[in-house]
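The values are calculated or read from the model by the stated rules, or taken from the named source; none is laboratory data. Source: prediction; values computed, not measured. Every residue, glycine among them, receives a Cβ derived from its backbone with ideal geometry; neighbour counts consider all protein chains shown.
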Amino acid sequence: MWGKRHKKLAIALTCADWRLHQRKVNLNARLAKFLGVHGIDLICVPGPDGLGKPGREAEWQAAVAQISLLIGVHAPQAMVVLGHQCCAGHPVTDATHAADAAAVAKALKAVTGFPGPIKAAVAAYRSDTAWDLKAIAEF
Ligand SMILES: [Zn+2]
């Protein structure tokens, strides 16, 4: 929209953690490459892969509303739910991060009816400025 109709966009639901959003990490551009698009709309909440947990229903509903708005105005081609290791917002094992990111991606597909691919991925920790993007699943 607004003259950018030729740009392919995607939505990333990821963590608010500052470490992911440092210039050195270059997360936005890496996610665009990962999803094969020009630009990424970011929804950032602490521990996004934990949004299916009991007690986080209001946060989940808010994220769904924000994502639904972006689907409507930006016609995105794809989405990703990106959890990360060493996450204070969802402090679980690495294996649980992978499983929970997949569960949230699957739930997002069901609740939004989004026709494109919704991927689940985890940013694996190497250092505060070095994270590896690991694809987990696609719905
Ligand atoms: Zn986090």
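Observations, loosely collected:
- Residue match in region 102-116 (condition: at pLDDT 95 or above, touching a strand residue (DSSP E or B) at 6+ places or on another chain (Cβ under 9 Å), within 16 Å of the ligand (Cβ to nearest atom) and closer than 21 Å to residue 27 by Cα): yes
- Cβ pairs under 8 Å, 6+ apart, first in region 14-37 and of a type in the set (Phe, Trp, Tyr), second away from the ligand (no atom under 16 Å from the Cβ): 34/119; 34/135
- Members of region 105-122 that are out of contact with any Lys or Arg (no Cβ under 9 Å at 6 or more places or on another chain), outside any loop (DSSP other than H, G, I, E, B), surrounded by 15 or more Cβ atoms within 10 Å (Cβ to Cβ) and of a type outside the set (Val, Ile, Thr): 106, 107, 108, 109, 119
- Residues of region 94-135 classified as closer than 11 Å to residue 49 by Cβ and among the β-branched types (Val, Ile, Thr), total: 3
- Taking region 11-25 as the range and being surrounded by 14 or more Cβ atoms within 10 Å (Cβ to Cβ) and not basic (Lys, Arg) as the test, the residues that pass are 11, 12, 13, 14, 15, 16, 17, 20, 21, 25.
- Listing of strands (runs of 3 or more DSSP E) fully contained in region 1-88 that carry 2 or more residues being among the hydrophobic types (A, V, I, L, M, F, W, C) and under 18 Å from residue 111 (Cβ atoms): 9-14, 78-84
- Among the conditions (1) of a type outside the set (Gly, Ala, Ser); (2) closer than 17 Å to residue 20 by Cβ; (3) touching a residue at least 12 places away in the same chain (Cβ under 8 Å); (4) surrounded by fewer than 17 Cβ atoms within 10 Å (Cβ to Cβ), the only one that residue 126 does not satisfy is (3).
- Applying the criterion of being of a type in the set (Val, Ile, Thr) and within 30 Å of residue 6 (Cβ to Cβ) to the residues of region 74-100, the residue that is farthest from the ligand (Cβ to nearest atom) is 80.
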